[in-house]
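The values are calculated or read from the model by the stated rules, or taken from the named source; none is laboratory data. Because the structure is a prediction, the values reported are computed rather than measured. Positions of Cβ are generated from backbone atoms using ideal geometry, with glycine treated the same way; all protein chains shown enter the neighbour counts. Side chains are part of the model used for accessible areas, which takes the heavy atoms of the whole protein and leaves out ligands, DNA and RNA. Shrake-Rupley method; radii C 1.70, N 1.55, O 1.52, S 1.80 Å.
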Amino acid sequence: MTTGAKPTRTTPEPTRTTPSTPSTPSTPSVPSASTTPAAGPASTARFPRGLRDFYEDPAVPVASGTARSLRQARMLAAALGPATAGTRTVLDIGCGDGTAAATAAPFLTGHRVVGVDWSQDALGRARTRVPYVVRGELADEGLPFAADTADAVLFSEVIEHLVDPDGALDEIRRVLRPGGHLMLSTPNLAAWYNRGLLLAGVQPVFSEVSLRAVHGRPGREVVGHLRLCTARALREFVAASGFEIVRLAGAPFHGVPRPLRPLDRVACAVPSLSSILLLHARRT
């Protein structure tokens, strides 16, 4: 992934999709899927072939918990305000199957939500949930949007998959307008249960040592996490990338065993102990 400013790109109309029949909208000024690069991830830097294949596998989970999506959607809606003040463009970068964007849509009535991902398989599923989808990448040529065109970016459960998170935030900052909102969520390395697991010599939840199988930690799903951070590290990293931190909140994790879920919800009151970190920042 390259860093720094990218050349300005043209912004023709996008392809609007519905579960049945595609059509072309007349209002949004965002690029169409046909203008995006033919290959390259929206949520990763240049990957080895094996890792690219991993993320194109339909069996790999691309959606996260509803509770996290709802909390993040409410934070975004509060930041943008009602559409009576004007329609805002929200990019869901690394949209996966579109679950996060679809969850946010009822809170963003009148605003424009565009799903962006590099995976054709994920975009195929997102088209059933998101009005606008665009194939794009954070690597190589960058996102197919001109600078200073987006009012907000949803970056849900993506940063932990990145080879080059610095370049990713550089590119997100490029497409956001000055003062634009970044809504980032990611698993917390220092979640309350991970602290106990480390003391017991067990690999923390969310961390992985292989793309083939789970080793040394609870759980059965391999999801391709490359990086994890604590609340403090996330705040420092995003601030160093040219953003002003507005709020850090916590969210529960849908994979916590049912008997422990009440405790997991209580832990959200202290973001540094929560399962999921929700960060709201603004472009400076």
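So what is the relative contact order of the stretch 142-284, in percent, for Cα pairs below 8 Å that sit 6 or more residues apart?
28
Once you have a ≥ b ≥ c as the square roots of the Cα gyration tensor eigenvalues for the stretch 51-206, tell me rounded if a/c is under 1.5, and otherwise prolate or oblate according to whether a/b is larger than b/c.
Because a/c hits 1.5 or more and a/b exceeds b/c, the stretch 51-206 counts as prolate.
Rounded to the nearest whole Å², what accessible area per residue is found for the stretch 110-266 with the 1.4 Å probe?
42
Give the whole-number value, in cubic angstrom per residue, of the convex hull volume spanned by the C-alpha atoms of the stretch 111-170.
102
Which distance in nm do the two modelled labels at Ala59 and Thr109 give, with both placed 7 Å along the Cα-to-Cβ direction?
My value for the distance between the label points is 4.3 nm.
Only Lys, Arg, Asp and Glu count, each charged at its Cβ (+1, +1, -1, -1), so figure out the dipole size of the stretch 90-221 about its Cα centre, rounded to 20 debye.
480
Just to verify a number: FRET efficiency for His254 and Thr87, C-beta to C-beta distance, R0 = 41 Å, to 0.05?
Plugging the Cβ-Cβ distance into 1/(1 + (r/R0)^6) gives 0.80.
Quick one: P(r) of the stretch 168-235 from all Cα-Cα pairs, 10 Å bins, percents rounded to integers, in order of increasing distance.
Result returned by the calculation: 18, 39, 25, 15, 3.
Under Stokes-Einstein, with the Kirkwood radius over Cα pairs standing in for Rh, what whole-number D in µm²/s applies to the stretch 156-281 at 25 °C and 0.890 mPa s?
The estimated diffusion coefficient comes to 160 µm²/s.
Measuring from label point to label point, each 7 Å out along Cα→Cβ, what is the Arg282 to Ala200 span in nm?
With each label point 7 Å from Cα toward Cβ, the separation is 4.4 nm.
Taking the Cβ-Cβ separation of Val214 and Arg247 as r and a Förster radius of 41 Å, what is the calculated FRET efficiency to the nearest 0.05?
Using R0 = 41 Å, I get an efficiency of 0.80.
Can you pull the one-decimal nm distance between simple spin-label points at Glu141 and Asp121, each 7 Å off the Cα toward Cβ?
2.4
Report the gain in length on full extension from Asp148 to Ala77: 0.36 nm times residue separation, minus Cα-Cα distance, nm rounded to one decimal.
Stretched fully, the Asp148-Ala77 segment lengthens by 23.6 nm.
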